[in-house]
Amino acid sequence: MQNLMQRLVETTAFIKKKTRVAPYIGYLTGTGLGESAQSMTIDTTVEYRDIPHFPLSTVKSHKGRMLIGKLGGCPIVTLQGRFHLYEGYSPLDVTYPIRVMQQLGVKILLLSNAAGGLNPRFNSGDIMLIDDHINLTATNPLVGPNDDHLGNRFPDMSHAYHPKLITLAEEVAQTAGIKCQKGVYVGLTGPALETPAEVKFLQTIGAQAVGFSTVQEVIAAVHGGLRVLGLSTITNVHNPADPIPASVEEIIAVAQNAAPRLETILKGVAQKIYETEIC
């Protein structure tokens, strides 16, 4: 844990030298959703490869860039590209950016992802507000010695996705005329997509969307005292009775088409946070 803290000190010191912006919000973009940050007023752009101790994105559409600036008037740091267990990264690697955000002073974490729909009432391109998750990755970023400087040994996860932020996102979406779904996200390790039998199982345990990210980062964020808002873009809807193959290219295309609507919600949420918490 001492090694982790030392790395965090070196990483955050490097970032702070690059910008005068003190981010209040952190935003982690999902597959095909990097362009959902276009409304940002950017002060600083840093490539992941230039940041000390930072992992590198290896997945298509994950640009591997950190953007620092403002969104809706609110100071924000956006990560265009995340890390996944299936890339070979450990839970500590996957959540390292969350720890960096925590050290930078971020109070609210926004996450987006591309997910497969498990609810037959969903449609491809829908945006789902995550109100809970199920961790089926068989791992957890908090396993091992706990550092009390980072968070409590046993963080409460009863409201991992902050109810007030969900309500705020719903209000912003309604005002903008954007229909949002809401439901439980289940996180798997990946990268193999789900079999029909697995889809039936996931539906049975109460999940509405499935993907290969998010749960590790949310656990670390809650551990660190951050409030979390998660949004899934439903890129395809599973029907175990009549399975249709899905390609990564198709998933990315649907996510990219949904990015402007996602961006509208995120910008509205950031503006409301700025007006109510910072002004």
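The values are calculated or read from the model by the stated rules, or taken from the named source; none is laboratory data. A quick note: this is a predicted structure, and the numbers were derived from the prediction, not measured. Don't worry about glycine lacking a Cβ; one is built from the backbone with ideal geometry, like all the others, and counts go over all protein chains shown.
Looking at (1) modelled with pLDDT of 95 or more; (2) part of a loop (DSSP other than H, G, I, E, B); (3) crowded, with 22+ Cβ neighbours inside 10 Å, can you tell me which one GLY32 breaks? Tallying (1) modelled with pLDDT of 95 or more; (2) part of a loop (DSSP other than H, G, I, E, B); (3) crowded, with 22+ Cβ neighbours inside 10 Å, GLY32 fails exactly one: (1). Determine if segment 180-188 includes at least one residue that is buried (at least 21 other Cβ atoms within 10 Å of the Cβ) and either among the polar types (S, T, N, Q) or assigned to a loop (DSSP other than H, G, I, E, B) (or both). Looking for residues that are buried (at least 21 other Cβ atoms within 10 Å of the Cβ) and either among the polar types (S, T, N, Q) or assigned to a loop (DSSP other than H, G, I, E, B) (or both), one finds at least one in segment 180-188, hence yes. The set of residues in segment 42-86 that are in contact with a Gly (Cβ under 6 Å, 6 or more places away or on another chain), modelled with pLDDT of 95 or more and farther than 17 Å from GLY26 by Cα contains only TYR86. Tell me the residue from GLU249, GLU171, GLU217 that is at pLDDT below 95 and in contact with a Lys or Arg (Cβ under 9 Å, 6 or more places away or on another chain), please. Residue meeting the stated conditions: GLU249.
Scanning segment 148-179 for residues that are within 23 Å of GLY125 (Cβ to Cβ), charged (D, E, K, R) and assigned to a helix (DSSP H, G or I) turns up GLU170, GLU171. Being within 19 Å of GLY268 (Cβ to Cβ) and touching a strand residue (DSSP E or B) at 6+ places or on another chain (Cβ under 7 Å) is a condition met by at least one residue of segment 45-67. Restricting attention to segment 224-252, the residues being surrounded by fewer than 14 Cβ atoms within 10 Å (Cβ to Cβ), more than 29 Å from HIS159 (Cβ to Cβ) and out of contact with any strand residue (DSSP E or B) (no Cβ under 8 Å at 6 or more places or on another chain) number 7. When LYS60 is tested against (1) of a type outside the set (Val, Ile, Thr); (2) buried (at least 23 other Cβ atoms within 10 Å of the Cβ); (3) under 27 Å from GLU250 (Cβ atoms), only condition (2) is not met.
Within segment 10-26, the set of residues being within 23 Å of TYR274 (Cβ to Cβ) and either in a loop (DSSP other than H, G, I, E, B) or not β-branched (Val, Ile, Thr) (or both) comprises LYS16, LYS18, THR19, ARG20, VAL21, ALA22, PRO23, TYR24, GLY26. The number of residues in segment 224-279 that are closer than 29 Å to LEU202 by Cα, in a helix (DSSP H, G or I) and either free of Cβ contacts under 8 Å to residues at least 12 places away in the same chain or among the acidic types (Asp, Glu) (or both) comes to 3. Among the candidates ALA221, ALA197, ALA176, the residue that is buried (at least 18 other Cβ atoms within 10 Å of the Cβ) and in contact (Cβ under 8 Å) with a residue 24 or more places away in the chain is uniquely ALA221. Against the test of being aliphatic (A, V, I, L, M) and buried (at least 23 other Cβ atoms within 10 Å of the Cβ), the options LEU142, LEU136, LEU109 yield a single qualifying residue, LEU109.
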